[in-house]
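As C-alpha coordinates, the structure follows; a few thoughts come after it.
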Amino acid sequence: MKQYYSVTNESLFAVMEGLDIQSDDRVLAISGSGDQVLAMIEIADRVVAFDYLIEELGILRMKTKCIQEGDFDAFYNPGKLEPLVGAFPYRKEYFDVDRLERIRKRLGRLSYFRGDLRALPLIEHVMFTKIYLSNAIDFTADGHLSFCANRTYKSDNYSCLISAIMHLVDRLEVGGLAYTATDKSYYRDSLSGLFEHSPNMEIDKELTEVADFREHTTGSSIAWRPRVYRKIKRS
(Lines give C-alpha, C1' and ligand atoms only; values in the text may rest on other atoms or scores of the structure.)
Protein backbone atom coordinates (compact mmCIF):
# COMPACT_ATOMS: atom_id res chain seq x y z
CA MET A 1 0.00 0.00 0.00
CA LYS A 2 1.36 3.40 -0.93
CA GLN A 3 1.65 5.96 1.82
CA TYR A 4 1.02 9.58 1.03
CA TYR A 5 0.92 12.79 2.99
CA SER A 6 -2.08 15.08 3.41
CA VAL A 7 -0.19 17.60 5.57
CA THR A 8 3.48 18.11 6.32
CA ASN A 9 5.25 16.48 9.24
CA GLU A 10 8.20 18.87 8.94
CA SER A 11 8.41 22.37 10.38
CA LEU A 12 7.64 24.96 7.71
CA PHE A 13 9.65 27.45 9.74
CA ALA A 14 12.67 25.13 9.51
CA VAL A 15 12.33 24.68 5.75
CA MET A 16 11.79 28.36 4.95
CA GLU A 17 14.55 29.64 7.22
CA GLY A 18 16.95 26.80 6.46
CA LEU A 19 16.64 27.43 2.72
CA ASP A 20 16.65 31.19 3.28
CA ILE A 21 13.96 31.64 0.63
CA GLN A 22 14.29 35.02 -1.15
CA SER A 23 12.23 36.90 -3.74
CA ASP A 24 14.57 36.06 -6.64
CA ASP A 25 14.77 32.33 -5.90
CA ARG A 26 13.96 29.63 -8.44
CA VAL A 27 13.18 26.53 -6.41
CA LEU A 28 12.96 22.88 -7.41
CA ALA A 29 11.03 21.01 -4.71
CA ILE A 30 9.61 17.62 -3.91
CA SER A 31 5.87 18.17 -3.54
CA GLY A 32 4.82 15.72 -0.85
CA SER A 33 1.77 17.20 0.88
CA GLY A 34 2.28 20.48 -0.99
CA ASP A 35 2.54 22.51 2.20
CA GLN A 36 6.23 23.31 1.77
CA VAL A 37 5.74 24.20 -1.90
CA LEU A 38 2.90 26.58 -1.10
CA ALA A 39 4.89 28.18 1.70
CA MET A 40 7.77 28.82 -0.72
CA ILE A 41 5.61 30.42 -3.41
CA GLU A 42 4.66 33.24 -1.04
CA ILE A 43 8.21 34.59 -1.44
CA ALA A 44 10.12 32.83 -4.23
CA ASP A 45 10.08 33.98 -7.85
CA ARG A 46 9.33 30.49 -9.19
CA VAL A 47 8.69 27.07 -7.65
CA VAL A 48 8.78 23.88 -9.73
CA ALA A 49 7.36 20.93 -7.78
CA PHE A 50 7.58 17.25 -8.65
CA ASP A 51 6.48 13.97 -7.11
CA TYR A 52 6.42 10.34 -8.11
CA LEU A 53 3.00 9.77 -6.55
CA ILE A 54 -0.03 11.05 -8.42
CA GLU A 55 -1.90 11.08 -5.09
CA GLU A 56 0.49 13.71 -3.73
CA LEU A 57 0.13 15.88 -6.82
CA GLY A 58 -3.63 15.53 -6.44
CA ILE A 59 -3.39 16.86 -2.89
CA LEU A 60 -1.30 19.81 -4.08
CA ARG A 61 -3.84 20.50 -6.84
CA MET A 62 -6.71 20.34 -4.34
CA LYS A 63 -4.97 22.69 -1.89
CA THR A 64 -4.15 25.12 -4.69
CA LYS A 65 -7.82 25.15 -5.71
CA CYS A 66 -8.89 25.75 -2.11
CA ILE A 67 -6.61 28.79 -1.89
CA GLN A 68 -7.71 30.10 -5.29
CA GLU A 69 -11.36 29.91 -4.22
CA GLY A 70 -10.71 31.33 -0.77
CA ASP A 71 -11.95 28.12 0.88
CA PHE A 72 -9.41 28.22 3.66
CA ASP A 73 -11.38 25.87 5.93
CA ALA A 74 -11.00 23.15 3.31
CA PHE A 75 -7.29 23.97 3.02
CA TYR A 76 -6.87 23.50 6.76
CA ASN A 77 -8.71 20.16 6.59
CA PRO A 78 -7.69 18.75 3.20
CA GLY A 79 -10.27 16.39 1.79
CA LYS A 80 -11.01 14.73 5.12
CA LEU A 81 -7.89 12.66 4.58
CA GLU A 82 -6.51 10.48 7.34
CA PRO A 83 -4.34 12.70 9.55
CA LEU A 84 -0.62 12.08 9.33
CA VAL A 85 1.15 10.77 12.40
CA GLY A 86 3.46 13.46 13.73
CA ALA A 87 1.84 16.18 11.62
CA PHE A 88 3.28 19.67 11.96
CA PRO A 89 1.26 21.12 14.88
CA TYR A 90 1.82 24.78 13.90
CA ARG A 91 0.48 24.36 10.35
CA LYS A 92 -2.64 26.51 10.84
CA GLU A 93 -0.62 29.09 12.75
CA TYR A 94 1.89 29.25 9.89
CA PHE A 95 -0.78 29.44 7.18
CA ASP A 96 -2.79 32.26 8.72
CA VAL A 97 -5.39 34.01 6.57
CA ASP A 98 -3.10 36.91 5.63
CA ARG A 99 -0.42 34.49 4.43
CA LEU A 100 -2.90 32.46 2.41
CA GLU A 101 -4.12 35.65 0.74
CA ARG A 102 -0.56 36.52 -0.25
CA ILE A 103 -0.02 32.99 -1.58
CA ARG A 104 -3.26 33.22 -3.59
CA LYS A 105 -1.86 36.18 -5.53
CA ARG A 106 1.28 34.24 -6.45
CA LEU A 107 -0.05 30.82 -7.46
CA GLY A 108 0.76 31.56 -11.10
CA ARG A 109 4.43 31.23 -10.17
CA LEU A 110 3.96 27.56 -9.25
CA SER A 111 4.19 24.63 -11.67
CA TYR A 112 4.35 20.91 -10.99
CA PHE A 113 4.76 17.58 -12.75
CA ARG A 114 5.05 13.88 -12.03
CA GLY A 115 8.65 12.77 -11.91
CA ASP A 116 11.04 10.30 -10.32
CA LEU A 117 14.11 11.64 -8.58
CA ARG A 118 16.21 9.21 -10.59
CA ALA A 119 14.93 10.50 -13.93
CA LEU A 120 13.71 14.07 -13.63
CA PRO A 121 13.04 15.52 -17.10
CA LEU A 122 14.82 18.78 -16.35
CA ILE A 123 15.47 21.21 -19.18
CA GLU A 124 19.23 21.47 -19.45
CA HIS A 125 19.45 25.26 -19.47
CA VAL A 126 17.25 25.72 -16.39
CA MET A 127 19.24 26.62 -13.29
CA PHE A 128 17.83 26.70 -9.76
CA THR A 129 18.95 28.70 -6.75
CA LYS A 130 17.40 26.33 -4.19
CA ILE A 131 16.51 22.64 -4.14
CA TYR A 132 14.22 21.13 -1.49
CA LEU A 133 14.21 17.34 -1.31
CA SER A 134 13.23 16.45 2.26
CA ASN A 135 13.56 12.64 2.45
CA ALA A 136 12.80 12.34 -1.26
CA ILE A 137 14.22 8.87 -1.79
CA ASP A 138 10.96 7.82 -0.16
CA PHE A 139 9.13 9.18 -3.21
CA THR A 140 11.09 7.48 -5.99
CA ALA A 141 10.81 3.74 -5.64
CA ASP A 142 8.13 1.47 -7.10
CA GLY A 143 5.88 0.39 -4.26
CA HIS A 144 6.86 3.47 -2.27
CA LEU A 145 9.81 1.88 -0.48
CA SER A 146 11.63 3.25 2.52
CA PHE A 147 13.93 6.24 2.10
CA CYS A 148 16.89 4.19 3.44
CA ALA A 149 18.71 3.87 0.12
CA ASN A 150 21.14 1.03 0.71
CA ARG A 151 18.52 -0.97 2.59
CA THR A 152 15.96 -0.91 -0.22
CA TYR A 153 17.81 -0.43 -3.50
CA LYS A 154 19.95 -2.80 -5.47
CA SER A 155 23.44 -1.51 -6.22
CA ASP A 156 22.52 -0.36 -9.73
CA ASN A 157 19.61 1.71 -8.40
CA TYR A 158 21.79 3.17 -5.68
CA SER A 159 24.27 4.23 -8.37
CA CYS A 160 21.37 5.80 -10.25
CA LEU A 161 20.49 7.81 -7.17
CA ILE A 162 24.04 9.10 -6.85
CA SER A 163 23.94 10.02 -10.54
CA ALA A 164 20.59 11.80 -10.00
CA ILE A 165 22.03 13.84 -7.14
CA MET A 166 25.00 14.84 -9.29
CA HIS A 167 22.54 15.90 -12.02
CA LEU A 168 20.68 18.09 -9.54
CA VAL A 169 23.95 19.61 -8.34
CA ASP A 170 24.68 20.53 -11.97
CA ARG A 171 21.32 22.35 -12.14
CA LEU A 172 22.06 24.33 -8.97
CA GLU A 173 23.72 27.73 -9.23
CA VAL A 174 27.02 28.29 -7.43
CA GLY A 175 26.08 29.56 -3.98
CA GLY A 176 22.70 27.80 -4.19
CA LEU A 177 21.29 25.65 -1.41
CA ALA A 178 19.91 22.13 -1.13
CA TYR A 179 17.78 21.02 1.86
CA THR A 180 17.31 17.47 3.08
CA ALA A 181 15.60 16.04 6.14
CA THR A 182 16.46 12.64 7.53
CA ASP A 183 15.29 10.44 10.34
CA LYS A 184 18.21 10.51 12.77
CA SER A 185 18.40 6.71 12.78
CA TYR A 186 19.12 6.50 9.05
CA TYR A 187 21.40 9.44 8.30
CA ARG A 188 24.06 7.47 6.42
CA ASP A 189 21.46 5.86 4.15
CA SER A 190 19.75 9.10 3.21
CA LEU A 191 19.92 11.93 0.71
CA SER A 192 22.10 13.78 3.19
CA GLY A 193 24.69 11.06 2.76
CA LEU A 194 24.32 11.13 -1.03
CA PHE A 195 25.01 14.87 -1.23
CA GLU A 196 28.29 14.27 0.50
CA HIS A 197 29.45 12.36 -2.60
CA SER A 198 29.73 15.69 -4.44
CA PRO A 199 32.98 17.65 -4.12
CA ASN A 200 31.03 20.71 -5.29
CA MET A 201 28.78 20.79 -2.21
CA GLU A 202 29.50 21.46 1.43
CA ILE A 203 27.28 21.64 4.46
CA ASP A 204 26.19 25.15 5.45
CA LYS A 205 26.63 24.88 9.20
CA GLU A 206 24.88 28.12 10.09
CA LEU A 207 21.70 27.42 8.10
CA THR A 208 21.71 23.79 9.22
CA GLU A 209 21.78 24.94 12.83
CA VAL A 210 18.88 27.32 12.15
CA ALA A 211 16.83 24.57 10.51
CA ASP A 212 17.67 22.04 13.20
CA PHE A 213 16.69 24.46 15.98
CA ARG A 214 13.39 25.35 14.28
CA GLU A 215 12.60 21.72 13.55
CA HIS A 216 13.03 20.76 17.16
CA THR A 217 11.20 23.75 18.63
CA THR A 218 8.31 24.08 16.17
CA GLY A 219 8.35 20.69 14.45
CA SER A 220 6.38 17.47 14.71
CA SER A 221 6.98 14.40 16.83
CA ILE A 222 9.16 12.96 14.04
CA ALA A 223 12.87 13.13 14.84
CA TRP A 224 13.86 14.92 11.62
CA ARG A 225 17.48 15.90 11.14
CA PRO A 226 17.63 18.79 8.61
CA ARG A 227 20.78 19.37 6.58
CA VAL A 228 21.45 22.35 4.32
CA TYR A 229 24.14 22.09 1.64
CA ARG A 230 25.66 24.91 -0.40
CA LYS A 231 27.19 24.62 -3.86
CA ILE A 232 30.71 25.97 -3.67
CA LYS A 233 31.97 25.50 -7.23
CA ARG A 234 30.96 24.43 -10.72
CA SER A 235 31.38 20.86 -11.92
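The values are calculated or read from the model by the stated rules, or taken from the named source; none is laboratory data. Not measured: the values here are computed from a predicted model. In this analysis, Cβ positions are derived from the backbone assuming ideal geometry, glycine residues included, and neighbour counts consider all displayed protein chains. When the accessible area is computed, the model is the full protein with side chains, heavy atoms only, and any ligands, DNA or RNA have been set aside. Shrake-Rupley method; radii C 1.70, N 1.55, O 1.52, S 1.80 Å.
For residues that are under 19 Å from residue 129 (Cβ atoms), assigned to a loop (DSSP other than H, G, I, E, B) and open to solvent by less than 10 Å² (accessible area, probe 1.4 Å), tally how many sit in segment 26-60.
The first filter runs over segment 26-60 and keeps only residues under 19 Å from residue 129 (Cβ atoms), leaving 26-31, 36-50.
Filter once more, keeping what is assigned to a loop (DSSP other than H, G, I, E, B): 31, 42-45.
Of the ones still in play, those that are also open to solvent by less than 10 Å² (accessible area, probe 1.4 Å) are 31, 44.
Count: 2.
Between residues in segment 95-106 that are in contact (Cβ under 8 Å) with a residue 24 or more places away in the chain and among the charged types (D, E, K, R) and residues that are surrounded by 13 or more Cβ atoms within 10 Å (Cβ to Cβ) and not in a loop (DSSP other than H, G, I, E, B), which pairs lie under 6 Å by C-beta distance while being six or more apart or on different chains?
Listed pairs, sorted by first residue: 104/67; 106/41.
Answer yes or no: is there a residue in segment 81-91 that is open to solvent by 20 Å² or more (accessible area, probe 1.4 Å) and assigned to a helix (DSSP H, G or I).
To start, the set of residues in segment 81-91 that are open to solvent by 20 Å² or more (accessible area, probe 1.4 Å) comprises 81-85, 87, 89-90.
Right, trim to assigned to a helix (DSSP H, G or I) and you get none.
No: segment 81-91 contains no residue that is open to solvent by 20 Å² or more (accessible area, probe 1.4 Å) and assigned to a helix (DSSP H, G or I).
What are the residues in segment 61-73 that are assigned to a helix (DSSP H, G or I) and surrounded by fewer than 16 Cβ atoms within 10 Å (Cβ to Cβ), if any? Don't jump to the end; show me each part of the working.
Quick first cut of segment 61-73, residues assigned to a helix (DSSP H, G or I) only: 61-68, 72-73.
Those that are assigned to a helix (DSSP H, G or I) and surrounded by fewer than 16 Cβ atoms within 10 Å (Cβ to Cβ): 61, 65, 68, 73.
Looking at (1) more than 13 Å from residue 162 (Cβ to Cβ); (2) open to solvent by less than 20 Å² (accessible area, probe 1.4 Å), which is the one condition that is false for residue 213?
Result: residue 213 fails condition (2) only.
Restricting to segment 71-109, count the residues that are under 16 Å from residue 61 (Cβ atoms), at pLDDT below 90 and hydrophobic (A, V, I, L, M, F, W, C).
Of the residues in segment 71-109, 1 are under 16 Å from residue 61 (Cβ atoms), at pLDDT below 90 and hydrophobic (A, V, I, L, M, F, W, C).
Checking the structure you have, find out if any residue of segment 151-170 is modelled with pLDDT under 95, open to solvent by 50 Å² or more (accessible area, probe 1.4 Å) and acidic (Asp, Glu).
Yes: segment 151-170 contains one or more residues that are modelled with pLDDT under 95, open to solvent by 50 Å² or more (accessible area, probe 1.4 Å) and acidic (Asp, Glu).
Tally up the residues in segment 118-132 that are closer than 14 Å to residue 229 by Cα and open to solvent by 70 Å² or more (accessible area, probe 1.4 Å), please.
Qualifying residue count, segment 118-132: 0.
Would you confirm whether or not segment 68-89 contains a residue that is touching a residue at least 24 places away in the same chain (Cβ under 8 Å), in contact with a Pro (Cβ under 7 Å, 6 or more places away or on another chain) and closer than 18 Å to residue 136 by Cβ? Working first, answer last.
Keep residues of segment 68-89 that are touching a residue at least 24 places away in the same chain (Cβ under 8 Å), which gives 68, 70, 72, 75, 78-79, 81-89.
Retained after the next criterion (residues that are in contact with a Pro (Cβ under 7 Å, 6 or more places away or on another chain)): none.
For segment 68-89, residues touching a residue at least 24 places away in the same chain (Cβ under 8 Å), in contact with a Pro (Cβ under 7 Å, 6 or more places away or on another chain) and closer than 18 Å to residue 136 by Cβ: absent.
Here are 179, 229: which of them is under 21 Å from residue 34 (Cα atoms) and at pLDDT 85 or above? Quick ask: steps written out before the conclusion?
Working: 229 fails: under 21 Å from residue 34 (Cα atoms).
Residue meeting the stated conditions: 179.
Is one or more of the residues making up segment 2-15 of a type in the set (Phe, Trp, Tyr), in a strand (DSSP E or B), at pLDDT below 95 and buried (at least 19 other Cβ atoms within 10 Å of the Cβ)?
Quick first cut of segment 2-15, residues of a type in the set (Phe, Trp, Tyr) only: 4-5, 13.
Right, trim to in a strand (DSSP E or B) and you get none.
Within segment 2-15, none of the residues are of a type in the set (Phe, Trp, Tyr), in a strand (DSSP E or B), at pLDDT below 95 and buried (at least 19 other Cβ atoms within 10 Å of the Cβ).
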